1. Picking from ALA275, ALA224, which residue would you name as being among the small types (Gly, Ala, Ser) and in contact with a strand residue (DSSP E or B) (Cβ under 9 Å, 6 or more places away or on another chain)?
2. Please go through segment 326-369 and give me each residue that is open to solvent by 50 Å² or more (accessible area, probe 1.4 Å) and of a type in the set (Gly, Ala, Ser), ordered by number.
3. Among the residues of segment 301-317, are any part of a loop (DSSP other than H, G, I, E, B), in contact with a Cys (Cβ under 8 Å, 6 or more places away or on another chain) and surrounded by 13 or more Cβ atoms within 10 Å (Cβ to Cβ)?
4. Look through THR78, THR31 and report the one residue that is open to solvent by 40 Å² or more (accessible area, probe 1.4 Å) and closer than 21 Å to SER413 by Cβ.
5. If LYS26 passes every condition in (1) of a type in the set (D, E, K, R); (2) surrounded by 13 or more Cβ atoms within 10 Å (Cβ to Cβ); (3) over 23 Å from CYS251 (Cα atoms) but one, which one does it miss?
6. Output the number of residues of segment 173-189 satisfying the condition of being open to solvent by 20 Å² or more (accessible area, probe 1.4 Å) and either within 14 Å of the chain's Cα centre (by Cα) or not assigned by the TED database to the domain that holds ALA352 (or both).
7. Quick check: is even one residue across segment 101-115 within 18 Å of MET244 (Cβ to Cβ) and either surrounded by 12 or more Cβ atoms within 10 Å (Cβ to Cβ) or not assigned by the TED database to the domain that holds ALA211 (or both)?
8. Which of (1) in a helix (DSSP H, G or I); (2) more than 22 Å from PHE203 (Cβ to Cβ) is the odd one out, the single condition GLU282 does not satisfy?
Amino acid sequence: MALMLESINKESIVDIEGVVRKVNQKIGSCTQQDVELHVQKIYVISLAEPRLPLQLDDAVRPEVEGEEEGRATVNQDTRLDNRVIDLRTSTSQAVFRLQSGICHLFRETLINKGFVEIQTPKIISVKYLNQKCKLFLPEGCIAASEGGANVFTVSYFKNNAYLAQSPQLYKQMCICADFEKVFCIGPVFRAEDSNTHRHLTEFVGLDIEMAFSYHYHEVVEEIADTLVQIFKGLQKRFQTEIQMVNKQFPCEPFKFLEPTLRLEYCEALAMLREAGIEMGDEEDLSTPNEKLLGRLVKEKTGFAQTYDTDFYILDKYPLAVRPFYTMPDPRNLKQSNSYDMFMRGEEILSGAQRIHDPQLLTERALHHGIDLEKIKAYIDSFRFGAPPHAGGGIGLERVTMLFLGLHNVRQTSMFPRDPKRLTP
């Protein structure tokens, strides 16, 4: 029997018949430590090739251990080129089971809050603008872009169509159609040549839109509580997966507060300036400054108030750096009713109260120099009665990455797409 077992290639699929017996001493090297299997028969169902593109033992070895002991590790490109094998590792299994839990908790929490799940088109007739243009939507914009940059064009019979950068227009239409509170889970496409640790050209968006009665903070608090419920659910239901990932990628446990910490943009500027950063009042945060702010918020000392949280809201962004559809702050026209949410110093959600009055929307579009003909359909959506509303879009892969303290979003995308990768 032992000789036969040695002749079976690693990763082959087998059926085993045997007897399960208790052991007197725990088996430390196995996940099942109290029993052992006494094999009587073995059937090879599918024989793997003798030479694997990577070894699973190498693929789960911590990089530090590999460097210190001179043992093999597997680099990212090799993993992604052989994703089927890499996904078999205990770490990958844990990552994507936890990610499935995020989707489940998102849906479960919002349905319990009275939200309606909707499905929106991904093939659209209008080109969208990129979030960095700041003319439209931080989640992915809603009007024609000059020259078609940052969108994927597809052939649609005798015309061109485009892959949607965001479901926002359709979320807002549903609010205007009296659905009041909606969410959707679906693919988002960004034709951005960004080869960073946190950008993908296709990712899964968790999107929320909600009408409110008195103040847009009703929506901010609802979104923040939804994320908190997800964090609590992950810590309660997925401890095994979290610990499995931490074995290979050690990380401090994710911290959050209830209620969620909400800072105004001016407060964040004061913290950054105290740390030596020079920024204007109406200047947007750069990625390095976002990360620095995350560290400052997390620190236990150095400021009059202690926060010690990995999750917080940054509210009241300068109107000058937000899209045209963002509602200005009626008490300070240099500010806006907009917000971002951060995990471990990186943005995971960008959102705002939308302008629901077509006249004000037109004025703001003209202020930004936007051709009204190109956004006519959008403005017309609000001409038949539209309640005050706000929302935001969350990146699933980025939330997974930051919750687990991983360093690259490709680790949390099952089959990632970026400017340099279209396979497998």
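The values are calculated or read from the model by the stated rules, or taken from the named source; none is laboratory data. What you see is a predicted model; the values in this text were computed from it and never measured. Cβ sites come from the backbone with ideal geometry, for glycine too, and all protein chains shown count toward neighbours. In case anyone asks, the SASA skips ligands and DNA or RNA and just uses the protein heavy atoms, side chains included. Shrake-Rupley method; radii C 1.70, N 1.55, O 1.52, S 1.80 Å.
1. Details: ALA275 fails: in contact with a strand residue (DSSP E or B) (Cβ under 9 Å, 6 or more places away or on another chain).
The conditions single out ALA224.
2. GLY369
3. At the first step, the residues of segment 301-317 found to be part of a loop (DSSP other than H, G, I, E, B) are 301-310, 316-317.
From what's left, in contact with a Cys (Cβ under 8 Å, 6 or more places away or on another chain): 316.
If we keep only those that are surrounded by 13 or more Cβ atoms within 10 Å (Cβ to Cβ) too, we end up with 316.
The answer is yes; a qualifying residue exists.
4. On the way: THR31 fails: closer than 21 Å to SER413 by Cβ.
Sole residue among the options that is open to solvent by 40 Å² or more (accessible area, probe 1.4 Å) and closer than 21 Å to SER413 by Cβ: THR78.
5. (2)
6. Residues that pass the stated criteria total 3.
7. Within segment 101-115, the subset within 18 Å of MET244 (Cβ to Cβ) is 101-102.
Next cut, either surrounded by 12 or more Cβ atoms within 10 Å (Cβ to Cβ) or not assigned by the TED database to the domain that holds ALA211 (or both) only: 101-102.
Scanning segment 101-115, I find at least one residue that is within 18 Å of MET244 (Cβ to Cβ) and either surrounded by 12 or more Cβ atoms within 10 Å (Cβ to Cβ) or not assigned by the TED database to the domain that holds ALA211 (or both), so the answer is yes.
8. With respect to (1) in a helix (DSSP H, G or I); (2) more than 22 Å from PHE203 (Cβ to Cβ), GLU282 is out only on (1).
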